[in-house]
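Here's the structure, in structure tokens; my notes come after.
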Amino acid sequence: MTSGSAVGLDCRHSRTGRHVKAWTSIGILFAVGIGALLPLQALINARLGALTHGALYASFVSFLVGTCLLGLMLLATRTPLLPAQPVAALPAWIWIGGAIGAAFVFAATLLVPKLGAGALICLVVLGQVVASLALDHFGVLGAQRPVDFMRILGALLVIVGAALVVRPWQSA
């Protein structure tokens, strides 16, 4: 018995003896759950855009609501609102994450009525897998994880899956 299993933090895979930590399992479930909500978010934002002033307005409202909720969470957890170091000391590229998030929400809001939620999310996942493999391979902003045959095969399966869902050969 390992110390982790004594406190219930890992489970054994019965055939291979590999450990799956409980927190890893919870993280996987959380990621799948959030992923399952992304098409709903895109559909809601697209409907908001259709009922109001368009995709840009709906994207702004989405970010405004999210910003307010995160602000409340910061206050509730008593997290300092300012970083320990001056904001000007942070590298300029650090702000790109927010811009990428805004671009995703706007693109999803704009494209889901044209492509459908399934096609949009498949294409987004395809872009995420291909870019993630490249970023991991070259160690961009993190540990280097070289691409191997199995990871490339997985990416190819995602490409095939996206093609089967999107079916660009049937586009009108």
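Take the Cβ-Cβ distance between GLN144 and THR52 as r, set R0 to 41 Å, and report the resulting FRET efficiency rounded to the nearest 0.05.
0.35
Quick check for you: with a 1.4 Å probe and neighbouring chains kept, what is the accessible area per residue of region 28-116, in Å²?
73
Please work out how much length the chain gains when fully extended from GLN170 to ALA76, using 0.36 nm per residue of separation minus the C-alpha to C-alpha distance, in nm with one decimal. Mind dumping the intermediate values first?
Details: separation 94, 0.36 × 94 = 33.84 nm, distance 5.02 nm.
Answer, rounded to one decimal: 28.8 nm.
Gain in length, LEU69 to SER132, computed as 0.36 nm per residue apart minus the alpha-carbon separation, to one decimal in nm?
The LEU69-SER132 span can extend by a further 19.8 nm.
Return the label of the correct value of mean projected area of the Cα convex hull in nm², as calculated from the structure shown, out of (1) 15.3; (2) 8.9; (3) 10.7.
It is the value labelled (1).
Indicate the gyration tensor shape class of region 18-74 (rounded, prolate or oblate), computed on the Cα atoms with a ≥ b ≥ c the square roots of the eigenvalues: a/c under 1.5 is rounded; otherwise a/b larger than b/c is prolate and the rest oblate.
Note, shape of region 18-74 comes out oblate.
Taking the Cβ-Cβ separation of LEU40 and ALA89 as r and a Förster radius of 41 Å, what is the calculated FRET efficiency to the nearest 0.05? Let's see the in-between values first.
On the way: r = 39 Å, r/R0 = 0.94.
The value I calculate is 0.60.
Probe radius 1.4 Å, ligands and nucleic acids left out: which of ASP136, ASP148 has the largest accessible area, and how do the rest follow?
The ordering from most to least exposed comes out as ASP148, ASP136.
Region 77-121: percent of C-alpha pairs farther apart than 18 Å?
Within region 77-121, distances greater than 18 Å cover 54 percent of Cα pairs.
Would you work out the relative contact order for the chain, in percent, from Cα pairs under 8 angstrom that are 6 or more residues apart? It would help to have the intermediate numbers written out before the result.
Working: 108 pairs, mean separation 30.8, N = 172.
Value for the chain: 18 percent.
Per the Kirkwood formula on distinct C-alpha pairs, the Rh of region 113-172 is how many angstrom?
Computed over Cα pairs of region 113-172, the Kirkwood hydrodynamic radius comes out at 12.6 Å.
Tally up the carbon and sulfur contribution to the accessible surface of the chain as a whole percent, 1.4 Å probe, everything protein left in place.
73
The values are calculated or read from the model by the stated rules, or taken from the named source; none is laboratory data. Note that the structure is predicted; figures quoted are calculated from it, not measured. Glycine also receives a Cβ, built like all others from the backbone with ideal geometry; neighbour counts cover every protein chain displayed. Just the protein is used for accessible areas: all its heavy atoms, side chains included, with ligands, DNA and RNA removed. Shrake-Rupley method; radii C 1.70, N 1.55, O 1.52, S 1.80 Å.
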